[in-house]
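Just below is one structure, and these are the notes that go with it.
The values are calculated or read from the model by the stated rules, or taken from the named source; none is laboratory data. Owing to the predicted nature of the structure, the values given are computational and were not obtained by experimental measurement. Every residue, glycine among them, receives a Cβ derived from its backbone with ideal geometry; neighbour counts consider all protein chains shown. Just the protein is used for accessible areas: all its heavy atoms, side chains included, with ligands, DNA and RNA removed. Shrake-Rupley method; radii C 1.70, N 1.55, O 1.52, S 1.80 Å.
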Amino acid sequence: MLFKKPNVFDKPIKLFDVDDVALHIVISKTINNVVVHTRDNSEKLLIPLRGCAKFGNMHAYSKDIIYIPRGFEDISIDLELGSIVYIVEAPSNTVYKPYIKRFENAKTIHVGDEHSRRTRYVMIDVDDSSEKFLAGYTFCCPGCWGSYPPHRHDDKYEIFIYFDVEPGFGVQLLIDDDKEEAYVVKDFDVFLVTRGYHPNVSAPIKGLKYLWIMVAVKGGRNFSMSVNKAFVETQTMKM
């Protein structure tokens, strides 16, 4: 499901709420404080992808992530003018302490071949306090594939939020048993994967960059995936 960047400023917008997994966006233009209403029983990630945001005594700069445990309902955020901030929430039964993860300290992993070169920046890992979330960033080389080889993890939802893509664009695929879909994505578009294979690719103009958030909707957070080997072999024969 694709959600285009809304043309609404200075107030929180809920982009989606699917199986109690919700995503809010705030685009600041003239205000520097906003209150986002969330569920008391949900844990949250607060992420500025442009500008910066402050929650309590934690100051997050672009691409940093603040973890907010259950027990917080009205989230008051101080914003730098021009900021674009996301809050994702999912039900949680465990109360952890709030914390902040800095992008500059992320674990960096280089993966892929000449057709899928990319760098992953892992922000919320299995060792970090969270019941539902894994999160990080992927930076793909121009014209290269991301989320590749095609894989699926139908016990988890995945949210892609694209940024620093324009003046280029990306193409997000969704391949399932009964459908094959393709979507053009640009800066601050959001794609929600609830099931199916979901590779993506960037135009040669500029590489595709996106925030990814995995949400465990069944079972635990440990990552497992099923790779579409037939798809990979078919594409390899075409090259």
* Asked: Is there any pair with a first residue in segment 4-30 that is on the phi > 0 side of the Ramachandran plot and a second that is among the basic types (Lys, Arg) and surrounded by 15 or more Cβ atoms within 10 Å (Cβ to Cβ) whose Cβ atoms are under 8 Å apart and which are 6 or more apart or on different chains, and what are they?
  -> Asp20/Arg39
* Asked: Given (1) assigned to a strand (DSSP E or B); (2) touching a residue at least 40 places away in the same chain (Cβ under 8 Å); (3) not polar (S, T, N, Q), where does Glu131 come up short, assuming only one miss?
  -> (1)
* So Gly168, is it part of a strand (DSSP E or B) and either on the phi < 0 side of the Ramachandran plot or at pLDDT 95 or above (or both) -> no
* To do: Could you please give the count of residues in segment 19-52 that are in contact with a Ser or Thr (Cβ under 6 Å, 6 or more places away or on another chain), assigned to a strand (DSSP E or B), open to solvent by less than 20 Å² (accessible area, probe 1.4 Å) and closer than 20 Å to Asn7 by Cα?
  => 1
* To do: Scan segment 110-148 for residues that are at positive phi, in contact with a Pro (Cβ under 9 Å, 6 or more places away or on another chain) and open to solvent by 30 Å² or more (accessible area, probe 1.4 Å) and jot them down.
  => Gly143
* **Whichever residue in segment 60-108 is of a type in the set (Ser, Thr, Tyr) and surrounded by fewer than 21 Cβ atoms within 10 Å (Cβ to Cβ) and, among such residues, is farthest from Arg50 (Cα to Cα)** => Thr94
* Asked: Out of Ile87, Ile66, Ile100, Ile109, which single residue is hydrophobic (A, V, I, L, M, F, W, C) and closer than 19 Å to Pro6 by Cβ?
  -> Ile87
* Quick one: in segment 187-202, of everything that is modelled with pLDDT of 95 or more and not hydrophobic (A, V, I, L, M, F, W, C), which residue is least open to solvent (accessible area, probe 1.4 Å)? => Asp189
